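The values are calculated or read from the model by the stated rules, or taken from the named source; none is laboratory data. Please read these numbers as outputs of a predicted model, since none were measured by experiment. Every residue, glycine as well, gets a Cβ built from its backbone with ideal geometry; the counts of neighbours run over all protein chains shown.
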Amino acid sequence: MTARGVEGAYQGALRAFQNPMLDLLHRTYAPFVVTVLAMMFTPERSTVAVADAHAELGDALDRLRAAGYGQEDDQPLPSGNARDLCRQWVQAGWLVRQVTDDVEVYRLSAHGVGALEVAGRVGGARTRVSESRVRTLLEAVERLAQDADPDVMARMARLQTEIDQRRRELARLEKGGEVETVGDDQLLEAAENVLHLARELPADFARVAESIKAMQRDVVADLRQDVRPTGEVLREYLERGRQIMDATPEGRAFAGALRLIGDPAQIDDLWGLLRTVLRHPFTGQMPEQQRRELAEIARRIEQGVKEVLAAQRQASHVITTQVRNHDPMRDRQVDELLRDVMSGLHAWMPEARRGAAVDPLRRLPVADVGHLRQTTSDPRPPQPPTPLQEWDEVADVPSADTRAWGGPQYAELHAHLAAFAGDAEEADVAAAFRAADERIRRPVDLLGLLEIAHGLGMTDTEEVAVVDAVRPDGSGRRFAFGGVLAANPAANSAADPAAGDADE
């Protein structure tokens, strides 16, 4: 082994361990981080609200500390509160904080998903060299050779050989041959291989989504620094936005996979195949967690595809919006202002102390005006306004028909209610309205009578009263309301303000 070879391998290992995924697994508190992230984020719960994540993380810390963990060196727990820990995990690249439907949420980054999968594989069942895994490898190599070989005759020969084998198997079954059964051990090995392949998918989907978002950030950053004509910027960046799926290696790989799994018929067939497998007796020998993972494979694929497509739509929307609102001069002014603020904070922070008072900006800076006008025009009008004309005509008096369509006649209703009550302490409002003259038995008069009863004091009868009102044109309306008893107006010393206004 040469010195240059050792040095190159060591530098490669250093770069690998700078990856956030390996950094997470290398940390002192890695068991706690892996445990909490695995419990918070599940296939059915890809995002967690920030407040809920802080509460769940704090509860997990309290429970583990109450159980005695964190007191020994081999069982370490991190210090600090849940908010600080989540902030550290975001900075380390294990979590991503974003806004979804106007709510701040956390989601696992691709590095976090990969770390959980590595920990799950190491802590779970040990992967074995089995017939299923070898067959998968051989089939993958065979398919690779077929796709890479452009020889038409060789391809035809392979297809003919496969057709002959299928025909011989079909003829054997048609003659009454039995289907070759596979032992439960081999089926279990094949199921473990399927789960092993499925566990790689979430991290792959997350990497595709993050590569799209990284390209979005690069495009927006380039746009903010661009000083080219708006038309040229619009054509270039909108084209990149439309082709964002083809602009990254991960996106191109996902686009190829999407052609296989994006078809709803393929997903339906996958669901049917999984149900067939789960009905087989050999699945009873699998742990409950593995059976659950096997049943959720199709759902995890659908969820991963949705996350990638959502990231693509969001990136296209952000780029399009930025292009439409792009103003290089304003962006440079905002950047300069932010740099001034940061430089001011850097200069103030070293000298500041905890609890130090900060002088607020009580007024805006005064503009530096070179010269102000010393004279103003006379604000008085050049001549007084025209005097008002005297109105000698007699005001129009509303006709009787107009008054009939007006509001409640409070004075007459008040007098009618007093006459109807007589010497009694209370009077039924519905009965009083039925006994009223047709002139004050309009729909608005019913409201006026209830208003007068409310001012005098009324009691509910817990019954439904039904009355017939008559409009000025002779049409009738029937109303139902909760029955009430009104106090006798003659015995009530307080005059009704509405009635008094009506008298005036």
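Is it fair to say residue 174 is modelled with pLDDT under 75 and charged (D, E, K, R)? Spelling it out, it is not the case that residue 174 is modelled with pLDDT under 75 and charged (D, E, K, R). Please tell me if residue 468 is touching a strand residue (DSSP E or B) at 6+ places or on another chain (Cβ under 9 Å), of a type outside the set (Phe, Trp, Tyr), modelled with pLDDT of 90 or more and not in a strand (DSSP E or B). Criteria not met by residue 468.
Going through (1) modelled with pLDDT of 80 or more; (2) assigned to a helix (DSSP H, G or I); (3) not hydrophobic (A, V, I, L, M, F, W, C) one by one, residue 142 falls short only on (1). From the list 200, 189, the one residue that fits, being acidic (Asp, Glu) and either at pLDDT below 75 or under 24 Å from the mean Cα position of the chain (by Cα) (or both), is 200. Of the residues making up the stretch 270-295, not one is modelled with pLDDT under 80 and not in a helix (DSSP H, G or I).
Only one residue in 208, 220, 182, 194 is in a loop (DSSP other than H, G, I, E, B) and hydrophobic (A, V, I, L, M, F, W, C). Which one? Please lay out each step first, then the result.
Details: 208 fails: in a loop (DSSP other than H, G, I, E, B); 220 fails: in a loop (DSSP other than H, G, I, E, B); 194 fails: in a loop (DSSP other than H, G, I, E, B).
Result: 182 is the single residue among 208, 220, 182, 194 that is in a loop (DSSP other than H, G, I, E, B) and hydrophobic (A, V, I, L, M, F, W, C).
Taken together, 470, 484 contain a single residue that is of a type outside the set (Phe, Trp, Tyr) and under 53 Å from the mean Cα position of the chain (by Cα), which is 484.
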